[in-house]
Amino acid sequence: MYKEFFGLRANPFNVNPDPRYLFLTRHTEEALACLTYGIQSRKGFVLLTGEVGTGKTTLINKLLEWLRLQQVATAFIFNSRMNVPQFLDYMMADFGIPCDSRSKSQILLRLYNWLLDRYRAGETAVLIVDEAQNLSDEVLEEIRMMTNLETFTEKLLQIVLVGQPELEQKLKQPQLRQLRQRLTLRAKTHPLSLEETKAYVAQRLRIAGSNGQPIFDPESLLTIHRYSSGIPRVVNLICEHCLVSAFVDQQKLILPAVVEAVARDFDLGDNNAAAVMTAPAQTNSNGKFDVVEALRTLATLADRLRDSEQDLPKERKI
């Protein structure tokens with residue numbers, strides 16, 4: 001419903017990692033170039049890290065979109081909390097490699113022969129592991145061993161590990177030094193600057209169908225950047241709920257006071273984008289915005305915040 005009110009065709013601030021909305025900053029372009037170069041050059045092992053909400057998965061989805069257009073075989077593991085047998089089973093299934101045996105040796109032999117066939121045909125295969133900071137040391141060691149699937153000159157399997165900064169710390173452990181030494185390229189995502197935040201909001205509105213009519217007051221964009229610290233996911237969250245609030249009040253232009261109110265609802269302090277756990281308001285089955293559900297969501301948030309304040313210990317009077 002609010003899409004009509006603001007003249008939009010789609011929800012511009014959905015938190016889903018839609019590659020259509022990838023915002024190419026200098027850092028993002030460098031990261032994407034690093035990933036594509038590493039894969040095309042058969043470097044074997046590439047690492048992508050970045051803070052929570054800085055667009056790693058959106059970037060990876062853009063990479064996957066490009067790889068599929070190039071007809072490159074891919075396996076994308078998005079749930080990293082698996083043991084070694086589960087990891088191997090999932091990888092083989094996503095690559096589409098049939099293997100009746102549950103024996104690890106037979107699975108690896110089948111994978112090696114499949115990779116060799118692709119190599120002889122001039123094709124490659126890419127394994128992408130998201131949330132890799134959650135991988136156990138045993139699974140990480142198994143991934144390292146996969147880099148031994150090679151010819152005399154090139155790696156048969158290209159591997160991209162994606163994770164939060166904790167992944168870099170994990171790889172510094174002595175028992176993982178062999179894996180760390182195999183990393184040939186490293187890329188990072190970063191928070192947005194103020195100017196990038198303004199351009200980011202404008203781009204998402206444009207893709208969603210905006211005709212260029214201002215929706216956010218310039219001062220509101222400054223406030224959004226201040227409360228989000230330039231984290232794209234938090235920018236989306238704030239902007240989404242600003243649109244909800246402005247629609248309810250029938251305001252065509254979102255003023256700083258609206259942003260401040262949303263930031264208070266989510267307990268966001270200046271330059272503190274942590275602990276944002278609630279997704280934007282839901283849509284109904286017809287894809288139209290549900291105002292009642294949005295208001296319920298905001299009311300629930302306010303109740304939770306009030307409850308948490310009441311649970312705090314009272315200061316004793318001496």
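The values are calculated or read from the model by the stated rules, or taken from the named source; none is laboratory data. This is a predicted model, so every value here is computed, not measured. Every residue, glycine as well, gets a Cβ built from its backbone with ideal geometry; the counts of neighbours run over all protein chains shown. Side chains included, ligands, DNA and RNA excluded: accessible areas come from the protein's heavy atoms. Shrake-Rupley method; radii C 1.70, N 1.55, O 1.52, S 1.80 Å.
So which of Thr153, Thr147, Thr189 ends up being among the β-branched types (Val, Ile, Thr) and modelled with pLDDT of 95 or more? Can you show your working first?
Values: Thr153 fails: modelled with pLDDT of 95 or more; Thr147 fails: modelled with pLDDT of 95 or more.
From the options Thr153, Thr147, Thr189, the qualifying one is Thr189.
Which residue is farthest from Tyr200 (Cα to Cα), if the candidates are limited to the stretch 22-31 and must be touching a residue at least 60 places away in the same chain (Cβ under 8 Å) and surrounded by fewer than 22 Cβ atoms within 10 Å (Cβ to Cβ)?
Per the criteria, the residue is Glu30.
Go through the stretch 35-55 and count every residue that is surrounded by fewer than 19 Cβ atoms within 10 Å (Cβ to Cβ) and part of a helix (DSSP H, G or I).
Result for the stretch 35-55: 3.
Taking the condition of being surrounded by 17 or more Cβ atoms within 10 Å (Cβ to Cβ), in contact (Cβ under 8 Å) with a residue 24 or more places away in the chain and either in a helix (DSSP H, G or I) or touching a Cys at 6+ places or on another chain (Cβ under 8 Å) (or both), how many residues in the stretch 73-104 meet it?
4
Answer yes or no: is there a residue in the stretch 7-27 that is more than 21 Å from the chain's Cα centre (by Cα) and under 18 Å from Ala125 (Cα atoms).
no
Can you list residue pairs whose Cβ atoms sit under 7 Å apart, with the first residue in the stretch 218-236 being farther than 13 Å from Tyr200 by Cα and the second being of a type in the set (Asp, Glu) and open to solvent by 20 Å² or more (accessible area, probe 1.4 Å)? Count only pairs 6 or more apart in sequence or on different chains.
Qualifying pairs under 7 Å: Thr223/Glu260; Arg226/Asp270; Tyr227/Asp270.
Taking Phe23 as meeting all but one of (1) in a loop (DSSP other than H, G, I, E, B); (2) under 24 Å from Gln169 (Cα atoms); (3) not β-branched (Val, Ile, Thr), write down the number of the exception.
Of the numbered conditions (1) in a loop (DSSP other than H, G, I, E, B); (2) under 24 Å from Gln169 (Cα atoms); (3) not β-branched (Val, Ile, Thr), the odd one out for Phe23 is (2).
Can you find a residue in the stretch 234-245 that is at pLDDT 95 or above and on the phi > 0 side of the Ramachandran plot?
No, there is no match, as no residue in the stretch 234-245 is at pLDDT 95 or above and on the phi > 0 side of the Ramachandran plot.
What's the number of the only condition in (1) more than 15 Å from Arg186 (Cα to Cα); (2) assigned to a loop (DSSP other than H, G, I, E, B); (3) open to solvent by 70 Å² or more (accessible area, probe 1.4 Å); (4) touching a helix residue (DSSP H, G or I) at 6+ places or on another chain (Cβ under 8 Å) that Glu65 fails to meet?
Condition not satisfied by Glu65: (2).
I need the full set of residues from the stretch 209-233 which are on the phi < 0 side of the Ramachandran plot, outside any helix (DSSP H, G or I) and not β-branched (Val, Ile, Thr), in order please. Break it down into steps so the answer makes sense when it comes.
Quick first cut of the stretch 209-233, residues on the phi < 0 side of the Ramachandran plot only: 210-211, 213-228, 231-233.
This time we only want the ones that are outside any helix (DSSP H, G or I), so: 210-211, 213-217, 231.
If the condition is that a residue be on the phi < 0 side of the Ramachandran plot, outside any helix (DSSP H, G or I) and not β-branched (Val, Ile, Thr), then Ser210, Asn211, Gln213, Pro214, Phe216, Asp217 are the ones that fit.
Could you look through the stretch 126-144, keep only residues that are closer than 21 Å to Ser41 by Cα and modelled with pLDDT of 95 or more, and pick out the one that is farthest from the chain's Cα centre (by Cα)?
Going through the stretch 126-144, the residues closer than 21 Å to Ser41 by Cα turn out to be 126-129, 143-144.
Now restrict to residues that are modelled with pLDDT of 95 or more: 126-129.
Details: Val126: 19, Leu127: 17, Ile128: 13, Val129: 12 Å.
So the residue we want is Val126.
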